[in-house]
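The values are calculated or read from the model by the stated rules, or taken from the named source; none is laboratory data. These numbers were taken from a predicted model, which means no experiment stands behind them. Note that we place each Cβ from the backbone using ideal geometry, even for glycine, and neighbour counts take in every protein chain shown.
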Amino acid sequence: MLIPVRVGRVKMKRIAYLCLMFTMACGAPRGSQQNPVGSETAPPAQPEGDQTVAPSPNPANGAPVPQPGDDHTVVTNSDPVERTALPKIEKVTLRTKVQNLYLSALNAGGSTLSATATTPQNWEVFYVIDSSGNSLESGDTVQLRTSGGFFVQVQNGSLAVASKNQQDAADFKIVKADGSGPIAWGDSIGLQVVATGLWISAQDGGGGSVTASGAALKGWETFALNQSPAATVALKKAGILQYLRGISGQKTLVGIENKNAATPSSDSQVITSITGRSSSLWGGDFGFGSGAVNYRKELMEEAKRQFRQGSLVTLMYHACSPTRDEYCSWDDIGGKNPQKLNDAQFRELLTPGTALYKNWISRLDTLAVFLEDLKQAGVVVVFRPFHEVNQCVFWWSCHKGTYGTAQLFRMTHDYLTKSKGLNNLIWAWNIQDFTTLSSDVDAYSPGPEYFDLATLDVYNTGYTQHNYDTMLRIAAGKPIAIGECQFMPTAALLSKQNKWVYAMLWPDFIEENRKTLPALYSSDRVLTLDEMPGW
């Protein structure tokens with residue numbers, strides 16, 4: 001972040017990246033060994049409390065009548081399934097085979113089911129609960145629960161998701177559309193109501209309501225069973241890092257930090273209006289004060305939108321001091337009267353059980369809710385906390401030694417990745433281009449095992465060869481990038497310092513860069529959004 005006293009296009013070949021992502025996400029081809037659903041997934045915690053709205057009727061006695069055109073074995077025992085053993089639970093999405101639209105529970109439950117979503121997010125994630133307790137196989141009896149904890153019920157041929165009481169859940173037989181045996185990711189399946197023999201059906205193959213009225217397993221009743229976005233997000237992260245390593249030395253992504261949390265794409269839109277091209281890099285900030293904190297939900301939605309359209313998504317965090325709440329002002333962070341921590345307070349911050357430690361962990365718990373939302377949506381984000389670790393105006397910066405800035409980075413990294421399970425974060429360690437850079441990188445680096453990218457903020461000494469070489473050294477083979485800057489690098493500079501994988505302009509300096517941005521965005525050295533491979 002800026003401190004006030006600082007003074008003919010070649011399309012990127014995408015085949016290698018897409019092949020990598022396909023191999024990582026899809027595994028071996030159909031003819032080889034498959035990965036059966038349920039092989040390695042631990043069951044999540046059950047939802048708390050009983051919020052029953054309308055219980056489902058008891059199953060009808062007797063065997064359901066076989067339906068015309070049904071080539072599969074019909075369930076003959078309609079009694080409720082014994083639920084004494086802990087069932088296997090899988091988080092999945094269900095996509096119609098006719099229109100490729102996702103089964104969706106409005107508000108993640110409490111209302112209706114439809115098949116209208118074009119991309120899977122939280123409302124489109126379901127838990128498949130397999131009563132067998134083993135890997136999912138065709139013919140198993142299962143129940144469906146939404147990501148909000150509501151169970152799918154059948155009421156007079158209609159589907160409802162109004163109860164959090166498992167006893168109200170309908171039992172379904174899951175059936176492979178093209179055979180029998182173990183069910184693998186990507187298989188086409190149908191869900192037959194145990195009590196009636198009818199099938200879950202998406203009207204017109206998607207685009208409207210979903211009912212339990214299908215007479216046979218045909219087109220409207222067939223769904224592709226896929227892993228939830230959160231289940232594959234680690235693979236996406238690996239693929240994105242591989243992509244960044246692949247463009248290092250060849251191309252650079254470009255974009256801008258979006259400063260206004262209420263309109264989190266407004267600065268990017270200005271750049272598009274100037275250059276005629278959309279940025280490949282988008283930046284946002286968790287921020288401070290009501291102007292940012294109260295708009296974090298909107299920020300997350302924009303991050304999802306940017307990721308879906310193929311941008312590299314970055315988030316930073318201008319954090320208020322842990323001695324207070326999050327509703328501080330810029331003057332409290334880096335302005336007229338920045339709040340600092342002395343050495344004793346910093347040691348307290350890093351010592352488990354102390355008041356400052358607990359306050360910071362609580363702050364991370366708050367952020368984790370939003371980062372988990374991104375994870376559930378399958379969004380990978382470049383996370384840049386504690387930016388400019390050698391900019392001593394900030395409370396987190398310029399603390400050396402065992403109880404110093406580097407340790408704060410390590411502690412935060414471990415808490416969010418290990419305790420919170422956030423495997424969708426690409427960690428960017430960040431430093432500023434002061435004359436002391438060559439020694440600062442050693443004093444404040446948490447170690448390359450704690451970051452995925454080493455990033456430099458350029459406001460002072462500039463794009464010198466010394467600064468470039470210093471970042472390459474401290475990165476220890478990992479990609480380097482321009483975290484933020486006052487002046488964007490030129491295409492000529494990027495041809496010499498070709499390892500910068502992205503460069504982000506700070507929005508206070510749009511006017512200073514207005515004349516040079518069009519040439520940069522049209523350079524063969526730079527990738528814009530239309531040249532991104534898609535995640």
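When Asp168 is tested against the conditions (1) out of contact with any Pro (no Cβ under 6 Å at 6 or more places or on another chain); (2) under 20 Å from Gly109 (Cβ atoms), the lone failure is (1).
The residue of the range 427-450 that is farthest from Phe394 (Cα to Cα), among those that are touching a Lys or Arg at 6+ places or on another chain (Cβ under 7 Å) and not in a strand (DSSP E or B), is Pro448.
Remark: Gln407 falls outside the filter, which requires a residue to be in contact with a strand residue (DSSP E or B) (Cβ under 8 Å, 6 or more places away or on another chain) and at pLDDT 95 or above.
Only a single item in (1) surrounded by fewer than 18 Cβ atoms within 10 Å (Cβ to Cβ); (2) of a type in the set (Lys, Arg); (3) in contact with a strand residue (DSSP E or B) (Cβ under 6 Å, 6 or more places away or on another chain) is not met by Lys218, and it is number (3). Could you tell me which of the residues Ala503, Ala475 is among the aliphatic types (A, V, I, L, M) and closer than 26 Å to Asp267 by Cα? Being among the aliphatic types (A, V, I, L, M) and closer than 26 Å to Asp267 by Cα holds for just one of Ala503, Ala475, which is Ala503.
Taking the numbered list (1) surrounded by fewer than 21 Cβ atoms within 10 Å (Cβ to Cβ); (2) within 28 Å of Lys304 (Cα to Cα); (3) not charged (D, E, K, R) in turn, Gln465 passes all entries but (2). Among the residues making up the range 317-343, a single one is surrounded by 16 or more Cβ atoms within 10 Å (Cβ to Cβ), closer than 23 Å to Gly483 by Cα and more than 32 Å from the chain's Cα centre (by Cα): Pro338.
Check the range 247-255 and report whether any residue there is out of contact with any strand residue (DSSP E or B) (no Cβ under 7 Å at 6 or more places or on another chain) and buried (at least 16 other Cβ atoms within 10 Å of the Cβ). Within the range 247-255, not a single residue is out of contact with any strand residue (DSSP E or B) (no Cβ under 7 Å at 6 or more places or on another chain) and buried (at least 16 other Cβ atoms within 10 Å of the Cβ). When the range 178-203 is filtered for residues that are modelled with pLDDT under 95, touching a helix residue (DSSP H, G or I) at 6+ places or on another chain (Cβ under 9 Å) and not polar (S, T, N, Q), the ones remaining, listed by number, are Trp185, Gly186.
Residues of the range 209-219 that are within 18 Å of Ala105 (Cα to Cα) and hydrophobic (A, V, I, L, M, F, W, C): Val210, Ala212.
Wholly within the range 453-535, which helices (runs of 4 or more DSSP H) include no fewer than the required count, namely at least 3 residues that are at pLDDT 95 or above and within 15 Å of Ile256 (Cβ to Cβ)? So that I can check it myself, show each step before the final result.
Numbers: elements: 465-475, 491-496, 510-513, 517-521.
Because the criterion is at least 3 residues that are at pLDDT 95 or above and within 15 Å of Ile256 (Cβ to Cβ), the helices (runs of 4 or more DSSP H) in the range 453-535 that meet it are 510-513, 517-521.
Any residue in the range 307-334 that's at negative phi: show its pairings with residues that are assigned to a helix (DSSP H, G or I) and among the β-branched types (Val, Ile, Thr) at Cβ separation under 7 Å, as long as the two are six or more apart or on different chains. Listed by first residue and then by second, the contacts come to His318/Ile333; Cys320/Ile333; Glu326/Val293; Tyr327/Val293.
Residue by residue, here is whether (1) modelled with pLDDT of 95 or more; (2) among the charged types (D, E, K, R); (3) more than 10 Å from Ile89 (Cα to Cα) holds:
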{"residue": "Leu103", "(1), (2), (3)": "yes, no, yes"}
{"residue": "Ala108", "(1), (2), (3)": "no, no, yes"}
{"residue": "Leu113", "(1), (2), (3)": "no, no, yes"}
{"residue": "Thr119", "(1), (2), (3)": "no, no, yes"}
{"residue": "Asn122", "(1), (2), (3)": "no, no, yes"}
{"residue": "Ser131", "(1), (2), (3)": "no, no, no"}
{"residue": "Glu137", "(1), (2), (3)": "no, yes, yes"}
{"residue": "Gln143", "(1), (2), (3)": "yes, no, no"}
